[in-house]
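Pasting in a structure now, in structure tokens, and then I'll have a few things to ask.
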Amino acid sequence: MGIHKSIGEILVESFGLHPLDLQRALDVQAAENLRLGELLVKEKKLSEADVLRALAMQQGLEYLEEQPKPEQVDLHLLEKISINYAKQNRTVPLWLKDEGTVVVAMNDPMAYWVMDDLGAKLGKRLDVVLMEVQRVLDIINKAYTRRAQSVDLGTEDEQFEEGEVADLVDVIDMTDEAPIIRWVNAIIFNAAKERASDIHIEPGDREVVVRYRIDGLLYETKHANKNYLSAIVARVKIMSGLDIAEKRLPQDGRIRRRIAGRDIDMRVATIPTARGERITIRLLDQGSILLDLADIGFDRRELDIMQDLIYRPHGILLVTGPTGSGKTTTLYASLNKINTPEKNILTIEDPVEYQLAGISQVQVNPKIKLSFAAGLRSFLRHDPDVIMVGEIRDLETAEIAIQASLTGHLVLSTVHTNDSAGALTRLVDMGVEPFLVASSLNGILAQRLVRRLCPHCKEAYEPTREEMVEVGIDFDSFMAGEVAGYPVSAEFKRPPRGMVFRAKGCHVCLNTGYQGRTGIYELLEMDDDIRALSMKKIDANHIKKVAVTKGLKTLRQDGAYKVISGITSLSEVMLVTAEDMA
């Protein structure tokens, strides 16, 4: 069919458009300043595909019926075409037809200026194929995402990769096409996609190494030539509002972006090293932290006690454990549980990791002498019901927290000790009077994080007697099926009787055998006997032994029950609770 026929004629002859509908559309077209095809699709007289097929017939082009797969797209062709340009012009190069011709998908065959521009950018003749707008955008998103995941900075200029990620559109300065920007954005995007908690950008002798911390362990992911270090550091500093000229002193900053539909806060820290500035970025996912207490690994008994403790009108609840053991998650879950319009909740933190609706949060600032103690002292003049202190580090903070608890306030805080009973002696060692510790504390929660077994590849095996005894489980009772684990979801099916699961590894879990983490807990509720021992300055080990006789489940025992339930492995529990010999 020749180009001499109008698009209207083709639509009537070949696509069933009624002549009266064509005439009405032509009358309206001039008034609304729309193309005929756009108007007919808008009025639902024809589909976009039919209009494009008609245009292909008129222009002597091809309408691409089958959607191209992302892996079919030649990524090298995307080097000279930014995702911004591709999306604005609804076009993307697909593959080389021969040495001198590139197949290019477009939505508008009348955009001759785009064809001329693409031909100049690619340096080749174009073979244009037509596709609907959404199909063009879909292949753009998938192709550039695939390219962004392969971004690398090598030793030669031509090794710069130029992929941008559609889901990172809010992280990318769309007017700046510098490869460094795309490389940094790809690092952040991939970290968020792979559930990394931290990104480490570390200078070496000859290269820059990027490592992700996933489920508590570090993995190398990318390398770049050492020559690009200063540009990478400068880009991250610009994103986080730091001084790019200051290279001698440590700096702290913050980035907040939306990545793949998730709100991600990033805490950035730089420090000068002998090989250059090192950067650590902590990713804080708003969705992953705001969990319910029932979702973070408590068994039913511990959950009931925990809920009783956080609903008490006054007293202190302490959460203990090393850095990275999930204390902040537990405190935020507790605050979310009790956060109602009837309660005035104030927090002082270092830093404020997540912003909680309806709660007034204050960040420690040593430069202006705003310490935990100073903030806590001020809180008492703001009529609080609940106070959360990020950490009790010194005697002054401890004394004010105790004073607040004894005058009708609920105080939540953390201390750094290995187990629950150790928090009692830690406060006394700070200089707090034992009777104040005994009278103010409601409970102490010690916790750790263990990796959860990948549900896709975990395998069952029969443990040895020594393994089960070491985690506090009677082997004969276990083999007889008399030791019950926790109720678990269908995802974590129980192992067969007399067996437990161990890690194996598959492509889903990056061959680690684990996917995600959960908590193991040791919850010590203060009663009269424990208070009496605390006032006598009895050592923590003896207090813990007494608590165990009253039903305290130690960290290792709690981990053992999660092993029996099919949630984690014996080796993971043994590793995380190495110091717990009770």
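The values are calculated or read from the model by the stated rules, or taken from the named source; none is laboratory data. Keep in mind that what you see is a predicted model, and the values were worked out from it rather than measured. Using ideal geometry, Cβ is built from the backbone for each residue, glycine included, and neighbour counts are taken over all protein chains shown. Heavy atoms of the whole protein, side chains included, go into the accessibility calculation; ligands, DNA and RNA do not. Shrake-Rupley method; radii C 1.70, N 1.55, O 1.52, S 1.80 Å.
Tell me which residues come under 5 Å, amide H to amide H, from residue 506 once H is placed; ignore anything under 5 positions away on its chain.
Excluding prolines and chain starts, which carry no amide H, the hits are 511, 512, 513.
Still on this structure, please answer the following. For region 224-355, what relative contact order do you get, as a whole percent, if you take Cα pairs closer than 8 Å and at least 6 residues apart?
Relative CO of region 224-355 lands at 16 percent.
Report the calculated FRET efficiency for residue 20 and residue 194 (r = Cβ-Cβ distance, R0 = 56 Å), to the nearest 0.05.
E(calc), rounded to 0.05, equals 0.45.
Given R₀ = 51 Å, what would the calculated FRET efficiency be for residue 121 paired with residue 360, taking r from the Cβ atoms and rounding to 0.05?
0.45
Something else about it: Over the chain, give the accessible area per residue in Å² for a 1.4 Å probe, as an integer.
Per-residue accessible area for the chain comes out at 46 Å².
Treat every Asp and Glu Cβ in the chain as -1 and every Lys and Arg Cβ as +1, leave all other atoms uncharged, and give the resulting dipole magnitude about the Cα centre to the nearest 20 debye.
800 debye
Which whole-Hz couplings ³J(HN,Hα) result when phi for each residue of region 199-212 is put into the Karplus expression 6.51 cos²θ - 1.76 cosθ + 1.60, θ = phi - 60°, listed in order with x for Gly and Pro?
For region 199-212, the Karplus curve yields 10, 10, 10, 10, x, x, 5, 10, 8, 9, 10, 10, 10, 9 Hz.
To the nearest 20 debye, what is the magnitude of the charge dipole of region 318-464 about its Cα centre, counting +1 on the Cβ of each Lys and Arg and -1 on the Cβ of each Asp and Glu?
300 debye
Okay, moving on. Enumerate the calculated ³J(HN,Hα) couplings along region 248-255 in order (Karplus 6.51 cos²θ - 1.76 cosθ + 1.60, θ = phi - 60°), each rounded to whole Hz, writing x wherever the residue is Gly or Pro.
Values, residue by residue: 9, 10, x, 9, 10, x, 8, 10 Hz.
Oh, and also: Can you list residues whose amide H is under 5 Å from residue 63's amide H, if they're 5+ apart or on another chain and H is modeled 1.01 Å from N?
Excluding prolines and chain starts, which carry no amide H, the hits are 130.
How much length, in nm to one decimal, is gained on full extension between residue 111 and residue 133, taken as 0.36 nm per residue of separation minus their Cα-Cα distance?
Extra length from residue 111 to residue 133 when fully extended: 6.5 nm.
Follow-up question, since we're still on this one. Only one of the listed values, (i) 216; (ii) 227; (iii) 163, was derived from the coordinates as volume of the Cα convex hull per residue in Å³; which label is it?
From the options (i) 216; (ii) 227; (iii) 163, the structure gives (ii).
Mind ordering 348-357, 475-484 by average Cβ neighbours within 10 Å, highest first?
Final packing ranking: 348-357, 475-484.
Report the extension gain between residue 511 and residue 243 in nm, rounded to one decimal, defined as 0.36 nm multiplied by the number of residues separating them, less their alpha carbon distance.
Going from the current span to full extension adds 92.5 nm.
Additional query: How much of the DSSP beta bridge set in the chain is antiparallel, as a percent to the nearest 5?
Once the DSSP bridges in the chain are tallied, antiparallel ones form about 65 percent.
Moving on. Say each of residue 80 and residue 294 gets a label point 7 Å from the Cα, pointing the same way as Cα to Cβ; how far apart are those two points in nm?
Using points 7 Å along Cα→Cβ, the separation is 6.0 nm.
Right, next: So if we plug the beta-carbon distance of residue 378 and residue 549 into 1/(1 + (r/R0)^6) with R0 = 51 Å, what FRET efficiency do we get, rounded to 0.05?
It comes out at approximately 0.75.
If you don't mind, another one. Filter the cross-link list 193/458; 337/544; 121/222; 237/367; 343/545 down to pairs whose alpha-carbon distance in this structure exceeds 31 Å.
343/545
Expressed in nm to one decimal, what extension gain is obtained for the pair residue 256 and residue 301 from 0.36 nm per residue of sequence separation less their Cα-Cα distance?
Taking 0.36 nm per residue and subtracting the Cα distance, the gain is 12.4 nm.
Label points 7 Å out from Cα along the Cβ direction at residue 435 and residue 308: separation in nm?
Calculated label separation equals 2.7 nm.
Hey, can you rank 212-223, 421-432 by average C-beta count inside 10 Å, highest first?
421-432, 212-223
Please list, ordered by chain and number, the residues whose modelled amide H lies under 5 Å from the amide H of residue 362; skip anything fewer than 5 residues away on the same chain.
So residue 362 has HN proximity to 347, 348, 349.
Averaging sequence separations of C-alpha pairs under 8 Å and six or more residues apart, then dividing by the length of the chain, give the relative contact order as a whole percent.
Dividing the mean separation by the residue count of the chain yields 8 percent.
Accessible surface of residue 62 in the full protein assembly, 1.4 angstrom probe, to the nearest 10 Å²?
Surface open to solvent at residue 62 totals about 90 Å².
Just to make sure I understand: if all protein chains stay in place, what is the order of 506, 454 by accessible area at 1.4 Å, largest first?
Per-residue accessible area, sorted high to low, gives 506, 454.
Calculate the dipole size of region 222-374 relative to its Cα centre from +1 charges on Lys and Arg beta carbons and -1 charges on Asp and Glu beta carbons; express the result in debye to the nearest 20.
With Lys and Arg at +1 and Asp and Glu at -1, about 900 debye.
Apply the Karplus curve 6.51 cos²θ - 1.76 cosθ + 1.60, θ = phi - 60°, to the phi angles in region 501-506 and return the couplings in whole Hz, x for Gly and Pro.
With the stated coefficients, region 501-506 comes to 9, 9, 6, 10, x, 8 Hz.
Taking the mean number of other Cβ atoms within 10 Å as a proxy for protection, how do you rank 508-521, 180-193, 238-251 from highest to lowest?
Those peptides, ordered most packed to least, come out 180-193, 508-521, 238-251.
Let me ask you something else. Per the 1.4 Å probe, what fraction of the accessible area of region 359-430, in percent, lies on carbon and sulfur atoms?
Ligands and nucleic acids excluded, carbon and sulfur give 47 percent.
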